[in-house]
Each structure stands twice: as structure tokens, then as C-alpha cells.
Amino acid sequence: MNKMETALHELSQMDELAAQSSPIHRLHPAAKLLTTIVYIVLTVSFPKYALSGLIPMVLWPVLLFQISAIPVRTCFYKLRIVLPLVMAVGLFNPFFDRAPLLSLGALTVSGGVVSMVTLMLKGLFCLMASFLLMATTPIDSLCSALRKLHMPGLIVTLLLLTYRYVGVMTEELAIMTDAYLLRAPGQKGIHISAWGSFLGQLLLRSMDRAQELYGSMLLRGYHEHFHYAEAGPFRLRDGLYTLGCGLVFLLLRFVPVTRLLGSLFVR
Amino acid sequence: MIEFQNVSFAYDKGSPVIRDLSFRVEDGQSVGLIGANGAGKSTVMKLLLGLLTGEGKILVDGLEVRKENLFQIRRKLGFVLQNSDNQMFMPTVYEDMIFAPLNYGLSRPEAEARVDRALGLLGLEELKHRHNHKLSGGEKRMAAIATILAMEPEAILMDEPTAALDPYNRRIVINIIRGLSQTKIITSHDLDMILDTCDRVILLSHGELVADGPADAILRDKALLERNRMELPLRFSGK
Ligand SMILES: Nc1ncnc2c1ncn2[C@@H]1O[C@H](COP(=O)(O)OP(=O)(O)OP(=O)(O)O)[C@@H](O)[C@H]1O
Ligand SMILES: [Mg+2]
């Protein structure tokens with residue numbers, strides 16, 4: 001398998017993860033979508049020095065990993081490319097914000113360091129939450145949930161097609177890379193002199209394919225909207241899940257849980 | 001009823017690919033559309049489906065192939081593309097197959113029944129939940145055919161239905177085509193298959209209609225076939 005095929009394989013692996021069965025997988029997609037959004041919004045909204053308040057937020061993704069039986073390793077493996085980027089966001093904070101914030105024994109920790117760690121954790125938590133949503137909900141159900149939440153049909157269709165289109169483009173790239181390397185033995189990758197034509201071809205080919213695919217959708221009666229897989233009714237347990245999670249998140253966000261717990265033990 | 005009236009088409013101005021083509025296919029007929037590579041067979045199919053627009057008139061059951069009629073016309077026609085990779089756009093075979101029936105307003109149970117019927121007909125039950133991009137070339141082709149059968153259209157257009165199939169699956173597809181009562185237009189370089197499935201043949205060369213008549217007569221005409229870069233079906237070649 002070349003790199004592109006690996007990428008393709010990973011893409012389909014997400015579909016396969018999402019097709020598994022667990023209490024989390026069986027929840028209504030709208031319930032999962034809503035809780036994920038609330039979780040992300042609240043996580044991001046923590047103040048920049050609120051490290052101790054933020055840490056308990058990790059509980060939710062950890063629980064979800066447990067219940068849905070999705071390996072944490074898979075998550076980090078899939079996120080290996082975006083994760084460092086997101087983590088890098090706060091990297092310069094320690095240089096700008098040198099005011100000492102707290103001292104641990106002889107060690108003084110500046111505000112910059114705390115805010116850097118806070119930012120990194122925020123990024124990590126949000127990525128994990130999004131990953132869990134994708135890994136427990138098929139893209140079609142997710143789209144149908146978005147429709148139920150009155151997201152405009154055009155945007156949802158666009159989202160779905162983009163998701164599919166990434167697959168098409170990667171597939172073309174895989175085929176072309178193989179074809180190239182078969183006739184360029186001993187080369188590690190595609191030689192820089194061929195990049196231009198390679199990219200041009202890739203674009204043309206994936207445009208052609210996208211067009212044929214779209215034609216084939218039209219031929220089979222596609223007009224205006226998809227018939228997404230029926231998600232079934234929004235049941236009591238879906239409501240309870242959303243409400244329960246929402247309340248816990250709010251609690252964690254606005255009540256200084258760690259400090260309260262800490263004071264229990266210190267006193 | 002499908003009718004072409006003086007249809008011409010060019011992808012690039014100045015080099016016509018279809019030239020003044022006229023023919024008529026009655027309900028229930030099976031027509032083989034043959035011709036060398038680049039003769040224009042796939043283009044004819046795409047014109048009929050309204051994927052391309054040329055000059056002249058194309059009628060399907062009296063409806064002209066024009067933008068405002070496309071939804072109605074396409075509902076009547078099931079098209080198996082030459083390249084199955086471009087036909088299947090959903091993640092799994094099942095989702096691809098159920099796409100059209102749902103779009104045409106069937107309820108999910110009805111649509112499921114159709115999917116299962118089509119899969120049973122082709123003996124493909126075990127492909128149902130497979131991922132499209134993990135199928136072999138021939139499996140993809142069979143799945144693409146199943147997708148169209150699940151539409152239960154009034155007419156079926158097939159562009160090279162047996163390319164990439166092993167002899168066993170080729171035989172299955174031939175038998176299925178023979179069993180379908182719908183109008184059929186089939187293009188292929190597999191002239192033995194055309195002979196088995198079609199009672200009439202239209203021969204194209206450089207976008208022009210060169211011959212139109214009973215399959216048995218045209219496919220036995222060695223001189224005619226060779227003049228148009230084709231060979232006799234194996235059955236008649238005495239090999
Ligand atoms: N997208 C396109 N743009 C420009 N020219 C095209 C395009 N598609 C096809 N052609 C040209 O149109 C002519 C007819 O092509 P068409 O695909 O209809 O042939 P065909 O009879 O189906 O051939 P084959 O047996 O190889 O499938 C060919 O000469 C081809 O080069
Ligand atoms: Mg063709």
C-alpha cells in the first residue's frame with residue numbers, strides 16, 4: 001500500500017468504527033451532536049488560567065471511550081497530524097506572559113505556562129470529542145441530524161459530498177502514485193519536475209470523476225436533498241443523555257469542582 | 001419508445017463525435033450498439049440520458065430530452081456506466097442500491113425489498129454490506145448492475161456490462177439480461193454477448209450509423225465488421 005492507500009484505508013476505517021454497535025452508537029445522532037457542541041463550547045469558554053477547572057472535563061471523553069469500546073490509541077493515531085498543530089497554538093504564551101502566577105515549592109510558574117497548558121488541553125479535549133462523535137456516528141446519520149436541527153439542506157449536502165469527495169481524490173492520487181512509481185523505479189517520491197503535471201492531472205481526473213459521480217446521482221433521481229438513513233425517533237433516553245451531559249458540563253464549567261474537592265481533603 | 005432524430009454532437013467545436021444520427025427503438029426491443037473504440041457509443045448513451053446536449057431531437061416515450069423533462073425521463077431509464085468506479089458513490093453496496101428507490105419515493109421497506117430482490121437475482125447477497133472501494137473490479141461491476149436492477153426502470157442502458165467479468169459472472173449477467181422484459185440498449189465489444197442478448201444491432205463508425213438490422217445478419221457480415229475495425233463473434237468465426 002502506498003501512503004495514499006493508507007489514507008484511504010483510514011477513511012474507510014472511520015466508517016467502519018461508526019458502524020459498530022454500543023450504547024453510544026445507538027444514541028440518536030442529534031443527541032450526540034448536541035452534547036458534543038455544548039461540550040466544545042463550554043470547554044473553549046474556560047478562562048485562560050482556569051487549568052484546575054478544565055482538567056475534570058476530560059472525564060467525558062474518557063467515559064465515552066470506555067462505553068463505546070473505541071480504542072484511545074486509534075484516536076491518537078488518527079489525530080497524529082492535527083494534534084500537534086492544535087497543540088502548537090499556545091506555544092509562545094510563556095514568552096509573552098512571564099508574570100508569576102503560582103509557586104510550587106521553589107518553582108514559580110508563570111501565567112504564560114499555565115495558559116499554554118490550558119490552551120493545549122482545550123484543543124486536545126475538543127479534538128477527542130469531535131473524533132468520538134465521528135467514530136460513533138455514521139456520516140449519513142450525522143447529516144440527517146443536522147437537517148433535523150434545521151441546518152440548510154444545501155450546506156448539509158455540501159458537507160456530505162465533501163466527505164465523499166476527499167475519498168475520490170485520495171483514490172485518484174493513490175492510483176496515479178502507483179502508476180508513477182511503477183515507471184520510476186528507485187525514486188522515493190514524485191520528482192519535483194513532475195509535480196506540475198501531476199497536480200494538474202490529479203485535478204482534472206478528480207473533477208471528471210466528481211462530475212461523472214454527480215451525473216450518476218442525478219440519473220438515480222437525486223434532486224435537492226439526500227434521503228439520509230433514518231435515525232429513528234428521538235427517544236426518552238436520548239433526551240436524558242443530552243440533558244444529563246449538558247447539566248454535568250455546566251456544573252464542571254461554573255462550579256469550581258476541583259477546588260471544592262481539594263478543600264474537602266485539605267481541611 | 002426511444003427515438004433519435006438527426007442528432008449531432010461535438011465535445012470540441014469542429015470535431016463532431018456524433019453525426020446526424022437517427023434511429024428508433026420500440027418498447028421491449030433489445031438493441032446492441034456496437035462500434036470500434038471511440039465510435040461514439042458511450043456518447044450516444046449520455047445524450048439519451050441528458051448528461052450531454054447536442055443538436056437534433058431525442059424522444060423518450062414522446063418526451064423530449066430537455067432540462068424540464070429530465071427527472072421524468074431519467075426515472076424511466078437505468079444506466080450502467082462504463083466505469084463502475086464512477087457509478088457507486090455511497091460507502092456500501094446496500095446504500096448505493098437503495099439510493100434510487102428512495103429518491104423515487106418508495107418507502108424504506110419497499111426499497112429494501114427491491115434491493116434484496118436484485119441481489120438475489122445476481123447471487124450477490126454476500127456483497128450487500130461490503131464497502132464499495134474494497135470490491136474487486138468485477139464485483140464492482142456486478143454491484144453496479146444490481147444497483148440499476150433495484151431501480152426497476154422501464155428501459156435499461158448498459159455500457160459494456162460484461163467487461164471485467166469472469167466467465168461465470170458474464171454468463172449470469174447474460175442470462176439476467178435475457179430474462180428482463182424491459183427495453184434494452186447495450187454497448188459492447190463482446191459480440192457473442194450481443195448475439196445472446198440482442199435481436200437488433202446498430203453499428204456506429206466515427207459517430208455515423210453504418211448499419212442497422214437483425215443481430216444475426218449484421219454479426220455474420222464479416223466484410224462489414226472488418227471494414228469497421230471489428231471481428232466476427234467467436235461463434236461464427238469457426239475458431
Ligand atoms: N470528455 C470528452 N472530451 C472530449 N472528447 C471526448 C470526451 N469523451 C469522449 N471523447 C471523444 O469522443 C469520441 C467518442 O467517445 P465515446 O466514449 O463515445 O466512444 P465509445 O464508442 O464509447 O468508445 P469505447 O469503445 O472505447 O468505450 C472519442 O473519439 C473520444 O476521444
Ligand atoms: Mg464507451
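Values as computed for the structure displayed
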read-out: Protein accessible surface hidden between B and A, which excludes ligands and nucleic acids, total in Å², probe 1.4 Å; value: 2400
read-out: Straight-distance crosslink candidates among lysines, where the alpha carbon sits under 17 Å from residue B:222 and sequence neighbours closer than 8 are dropped; value: B:239
read-out: Those aspartates and glutamates that a straight Cα-Cα span of less than 12 Å connects to residue B:184, excepting residues fewer than 8 apart in one chain; value: B:26, B:27, B:154, B:159, B:199
read-out: Burial order of peptide ranges B:168-174, A:158-164, B:38-44 (average beta-carbon count within 10 Å, highest first); value: B:38-44, B:168-174, A:158-164
read-out: Relative packing of peptides A:139-148, B:90-99 - highest average C-beta neighbours within 10 Å first; value: B:90-99, A:139-148
read-out: Cα shape, chain B, gyration tensor, a/c 1.5 rule; value: oblate
read-out: Angle in degrees between helix B:108-122 and the longest Cα principal axis of chain B, rounded to the nearest 10; value: 60
read-out: Helix axis angle, B:93-103 relative to chain B longest principal axis, alpha carbon, degrees; value: 80
read-out: Alpha carbon centroid spacing (whole Å) that separates region B:161-203 from region B:26-97; value: 16
read-out: Straight-distance crosslink candidates among lysines, where the alpha carbon sits under 25 Å from residue B:134 and sequence neighbours closer than 8 are dropped; value: A:3, A:78
read-out: Filtered chymotrypsin sites (Phe, Trp or Tyr not before Pro), region B:1-53: DSSP coil and at most 14 other beta carbons within 10 Å; value: B:11
read-out: Residue mean of other protein chain beta carbons inside 10 Å, A:205-215; value: 3
read-out: Span-like helix ranges in chain A, DSSP H, alpha carbon extent 15 angstrom or more, Kyte mean at least -0.5; value: A:3-18, A:29-44, A:111-136, A:153-182, A:195-219, A:236-254
read-out: For region A:5-76 versus region A:164-224, the gap between their alpha-carbon centres in whole angstrom; value: 32
read-out: Total charge dipole magnitude, chain A, about the Cα centre, Cβ charges on Lys, Arg, Asp, Glu only, Debye to nearest 20; value: 860
read-out: Residues in region B:55-74 that, when all protein chains are in place, have 10 Å² or more less accessible area than the chain alone would give (probe 1.4 Å); value: B:71, B:74
read-out: Threshold 30 Å² - residues in region A:10-40 whose accessible area is reduced by that much or more when the chain is no longer isolated, probe 1.4 Å; value: A:12, A:15, A:16
read-out: Electrostatic dipole magnitude of the protein assembly as shown [Cβ: Lys, Arg +1; Asp, Glu -1; Cα centre; debye, to 20]; value: 2000
read-out: Residues losing 50 Å² or more accessible surface upon assembly, region B:92-111, compared with the chain by itself, 1.4 Å; value: B:99, B:103, B:108
read-out: Heavy-atom accessible surface of the protein assembly as shown: percent carbon and sulfur, 1.4 Å; value: 63
read-out: Accessible area in square angstrom per residue, the protein assembly as shown, 1.4 angstrom probe; value: 50
read-out: DSSP beta bridges in the protein assembly as shown [antiparallel fraction, %, rounded to 5]; value: 60
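The values are calculated or read from the model by the stated rules, or taken from the named source; none is laboratory data. Since we're looking at a predicted model, the values are computed, not measured. Counting neighbours? That spans all protein chains shown, and the Cβs are built from the backbone with ideal geometry, glycine included. Surface areas here come from the heavy atoms of the whole protein model, side chains and all, with no ligands, DNA or RNA. Shrake-Rupley method; radii C 1.70, N 1.55, O 1.52, S 1.80 Å.
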